[in-house]
Amino acid sequence: MIEIKGLKKSYDKGKIKALNGIDLEIRKGEFVSIIGPSGSGKSTLLNMIGALDTAGEGSVEVAGIDLTKTKDLSKFRSQEIGFVFQLHNLIPNLTVLENVQIPMIGTSISGKDMEKRALKLLKSVDLEDRIDQRPTKLSGGERQRVAIARALVNNPSIILADEPTGALDSKTGDIILDLLKDLHKKENVTLVMVTHEPYVANMADRIITVRDGKILEEKTNNIT
Ligand code: ADP
Ligand code: ADP
């Protein structure tokens, strides 16, 4: 599902080496966590997988698509990837229902079906009574549930989550993690999650430790 070979990425004309030769394969339906100290390259790696960041050295193939060669990266993102960030990037002056529909704009889905699908997902994250509110009226956990509903709206094959619980208290964080784990189990979605918390990382099938832009260690988890 994800195949990365010799990936390097630098910023500031090469002064900052964010990734220093990453080789990584992730199978369809696998749940992988990426852990490591701040500044080790975790977000950069995730952003390269999701084609939010490009133009590195080496190769990145995701869902059969070579990201170094594909012209239409926004199409790739909207069809294959669901993003869940620490700061969920909801649009404040749109309602919850409208926010969830954003990724479907520009697809062939009709307006009526967009709304239906958004409603179904908002129900699945237990927010059907909040659909007409603006994100600012919601708690952090509720906002993150909206973000998850939005990430799923185009049936992505891969969910990329960057510190999805980073801005939440631990109880709310656990609810979000359960939701992500459930999804991964039921829908066979490939889940790649960046975190700096070992306790969160340990929920994955495989834990990748990144340091100084390299993979330091890989551990397979048998307890899940
Ligand atoms: P992590 O997610 O592990 O905290 P990042 O991938 O965010 O690490 O960052 C890796 C390194 O690359 C850091 O030194 C960071 O400051 C740098 N970096 C990340 N993004 C950019 C950017 N857009 N411009 C310049 N430097 C960046
Ligand atoms: P995290 O530690 O959770 O990875 P960061 O605060 O390091 O988050 O980075 C947040 C965003 O800022 C990332 O998308 C990254 O690309 C960007 N960024 C990080 N470091 C720099 C930097 N030195 N210059 C410009 N952008 C950066």
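For this structure, a couple of remarks:
- Rounded to the nearest 20 debye, dipole of the chain from Cβ charges on Lys, Arg, Asp, Glu: 360 debye
- Near Glu25, once Lys and Arg are set to +1 and Asp and Glu to -1 for all other residues with Cβ below 10 Å from its Cβ, the sum equals -2.
- Bridgeable lysines around Lys28 (alpha carbons under 16 Å apart, same-chain partners fewer than 8 residues away excluded): Lys181, Lys185, Lys186.
- Under the Karplus curve 6.51 cos²θ - 1.76 cosθ + 1.60, θ = phi - 60°, whole-Hz ³J(HN,Hα) for the range 119-133, x wherever Gly or Pro sits: 4, 4, 5, 5, 5, 5, 9, 6, 10, 5, 8, 10, 4, 8, 8
- Quarter of the Cα convex hull surface for the range 1-98, i.e. its orientation-mean projected area (nm²): 7.9 nm²
- Volume per residue of the C-alpha convex hull in the range 119-224, rounded to whole Å³: 120 Å³
- Listed peptides 142-152, 98-108 by packing density, highest first (mean Cβ within 10 Å): 142-152, 98-108
- Within straight-line cross-link reach of Lys219, aspartates and glutamates at Cα separation under 19 Å, skipping those fewer than 8 residues along the same chain: Glu3, Asp23, Glu25, Glu30, Glu197, Asp205
- Label-point separation, Glu187 to Lys137 (7 Å along Cα→Cβ), nm: 2.6 nm
- Across the alpha-carbon set of the chain, the Rg to Rh ratio works out to 0.96, Rh being the Kirkwood radius.
- Helix-only arithmetic for the chain: the sum of -39500 (n - 2.57) across DSSP H runs with n ≥ 4, divided by the residue total, places the mean residue ellipticity at 222 nm at -9500 deg cm²/dmol.
- Applying the criteria of a DSSP loop state and at most 13 other Cβ atoms within 10 Å to the trypsin sites (Lys or Arg not before Pro) of the range 66-119 yields Lys69, Lys71.
- Centroid-to-centroid, using Cα positions, the range 163-224 and the range 51-98 are 19 Å apart.
- Nearest 10 degrees, 0 to 90: helix 140-152 Cα axis against the chain principal axis: 80 degrees
- Placing unit charges on each Cβ (+1 for Lys and Arg, -1 for Asp and Glu) gives the range 131-224 a dipole about its Cα centre, and among Gly173, Ile159, Gly213 the Cα reaching farthest toward its positive end belongs to Ile159.
- Å² per residue, accessible surface of the range 75-120 at 1.4 Å: 57 Å²
- Tilt relative to the chain, helix 170-187 - C-alpha long axis, 0 to 90 degrees, to 10: 80 degrees
- Backbone HN-Hα couplings from phi across the range 41-53 [Karplus 6.51/-1.76/1.60, Hz, Gly and Pro as x]: x, 4, 5, 4, 4, 4, 5, 6, 5, x, 6, 7, 10
The values are calculated or read from the model by the stated rules, or taken from the named source; none is laboratory data. Please read all numbers here as calculations on a predicted model, not as lab measurements. Cβ atoms come from the backbone with ideal geometry, glycine included; neighbour counts cover every protein chain shown. Surface accessibility is based on the protein's heavy atoms, side chains included, excluding ligands, DNA and RNA. Shrake-Rupley method; radii C 1.70, N 1.55, O 1.52, S 1.80 Å.
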